[in-house]
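> Please find one structure pasted underneath; my questions will follow.
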């Protein structure tokens, strides 16, 4: 093979470290490479200062008898345009093109390549807060926790009023968690999420928590009907739909006005109220309920006693409280990187007992998928 001109990484190729070497993504060819440590070392040395002869001089002492294999790999890399000669380089894509390409890749579930594109876009446009926000989101998805934290910090320095990112940073910095997710964060999150919540949850994420909560509760209720039902954190009403046929009166409460508006369009609730649920439960009211449900509402609370104890006080004698949370291995609970709390089964049992309720059932079904991984719930059914 002729020595030729100095070799370098193609300007359309984006490089990142990986646990076992490097990953490289060629934007122009839409091709992802995984490089072992030897290939990664060759790529590092191909910085535009060495031709093939100089590469051999630097690598032969390290590679020994493996140099012919390195030579074969370099030939393949040149053919695939991963490596190129200095005088043949083409213009690299700009920040806007990279960001648009990252969005397109994510829509195709190619999140690692999307992350690499967005990271280069940020390098080219470091003053764009939206670019840092997208980088934080993608770093989060691909498990680059430290890079997600740094990206969100850059974004928040320019957009300090973003309550959702502020909360995510609390989780990513391992700071002392709040007792619950702030109202401001929940309102911002679901104001953005409300318009596509149902389609995203039931379609892309295979969300089935309302059905699993309903099934677990019906197993205790049997054929009982004409129930006064309270749906805490009712959202768009996915849970309420499960209970309309058994409810004499169905009341929904949620902090997000946008989610309540979506729930109202279902026409299944007798009454809907926009309120923070612990404040609503603390009101001096005569209403008592046969059934109180909270489907994936308590994931925004640390100590579950904050909701379980006041909810127990609005139950009729013999009434049921049924709720779902995300199962965690840390006892009693932990604020996860997602910004949601996970809860240990022991904590659920302790809180239910402390509220004077009897735990009739505690199941652990998978209720959705997130970033391709199953999310396991704890579904508790308790009786006054």
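> Give me the residue from segment 85-98 that is at pLDDT 85 or above and buried (at least 16 other Cβ atoms within 10 Å of the Cβ) and, out of that set, farthest from residue 28 (Cα to Cα).
Among those residues, the one meeting the criterion is 95.
> While we're here: In the list 116, 112, which residue meets the criterion of being in contact with a strand residue (DSSP E or B) (Cβ under 7 Å, 6 or more places away or on another chain), crowded, with 23+ Cβ neighbours inside 10 Å and touching a residue at least 40 places away in the same chain (Cβ under 8 Å)?
Answer to the check: 116.
> Would you pick out the residues in segment 312-342 that are over 28 Å from the mean Cα position of the chain (by Cα) and surrounded by fewer than 17 Cβ atoms within 10 Å (Cβ to Cβ)?
Of everything in segment 312-342, those that are over 28 Å from the mean Cα position of the chain (by Cα) and surrounded by fewer than 17 Cβ atoms within 10 Å (Cβ to Cβ) turn out to be 313, 316, 317, 318.
> Out of segment 127-153, which residues are more than 16 Å from the chain's Cα centre (by Cα) and surrounded by 20 or more Cβ atoms within 10 Å (Cβ to Cβ)?
Across segment 127-153, the qualifying residues are 131, 132.
> Residue by residue through segment 269-312, note down the ones that are farther than 30 Å from residue 177 by Cβ and modelled with pLDDT under 95.
Passing the criteria: 284, 285, 286, 287.
> Test each condition in (1) surrounded by fewer than 16 Cβ atoms within 10 Å (Cβ to Cβ); (2) in contact with a helix residue (DSSP H, G or I) (Cβ under 7 Å, 6 or more places away or on another chain); (3) within 17 Å of residue 92 (Cβ to Cβ) for residue 31 and report the one that comes out false.
Going through the list (1) surrounded by fewer than 16 Cβ atoms within 10 Å (Cβ to Cβ); (2) in contact with a helix residue (DSSP H, G or I) (Cβ under 7 Å, 6 or more places away or on another chain); (3) within 17 Å of residue 92 (Cβ to Cβ), residue 31 breaks only (2).
> Within segment 290-331, take every residue that is part of a helix (DSSP H, G or I) and out of contact with any helix residue (DSSP H, G or I) (no Cβ under 8 Å at 6 or more places or on another chain) and give me the one that is farthest from residue 376 (Cα to Cα).
312
> A further question on this structure: Out of segment 208-238, which residues are without any contact (Cβ under 8 Å) to a residue 24 or more places away in the chain and touching a helix residue (DSSP H, G or I) at 6+ places or on another chain (Cβ under 6 Å)?
Selection gives 225 alone.
> I'd like to know if segment 62-81 contains one or more residues that are part of a strand (DSSP E or B) and more than 24 Å from residue 134 (Cβ to Cβ).
Checking segment 62-81: not a single residue is part of a strand (DSSP E or B) and more than 24 Å from residue 134 (Cβ to Cβ).
> Give segment 312-326 a look and list any residue that's free of Cβ contacts under 8 Å to residues at least 60 places away in the same chain and closer than 15 Å to residue 359 by Cβ, or say none.
Residue satisfying the conditions is 325 alone.
> In addition: Can you tell me which condition residue 126 does not meet? The list is (1) outside the structural domain of residue 111 (by TED's automatic domain parsing); (2) outside any helix (DSSP H, G or I), and all the others hold.
So the condition that residue 126 fails would be (1).
> Let me ask another. Considering only segment 265-289, state which residues are touching a strand residue (DSSP E or B) at 6+ places or on another chain (Cβ under 6 Å) and outside any loop (DSSP other than H, G, I, E, B).
Once the filter is applied, which keeps residues that are touching a strand residue (DSSP E or B) at 6+ places or on another chain (Cβ under 6 Å) and outside any loop (DSSP other than H, G, I, E, B), segment 265-289 yields 271, 272, 273, 277, 280, 289.
> Among the listed residues 287, 309, 241, 276, identify the single one that is in contact (Cβ under 8 Å) with a residue 60 or more places away in the chain and surrounded by fewer than 20 Cβ atoms within 10 Å (Cβ to Cβ).
It is 276.
> Check whether at least one residue in segment 332-342 is in the same structural domain as residue 229 (by TED's automatic domain parsing), part of a helix (DSSP H, G or I) and in contact (Cβ under 8 Å) with a residue 60 or more places away in the chain, and report yes or no.
no
> Let me ask you something else. Scanning segment 343-358 for residues that are touching a strand residue (DSSP E or B) at 6+ places or on another chain (Cβ under 8 Å) and surrounded by fewer than 20 Cβ atoms within 10 Å (Cβ to Cβ), which turns out nearest to residue 140 (Cα to Cα)?
344
The values are calculated or read from the model by the stated rules, or taken from the named source; none is laboratory data. The structure displayed is predicted, hence computed values, not measured ones. Cβ atoms come from the backbone with ideal geometry, glycine included; neighbour counts cover every protein chain shown.
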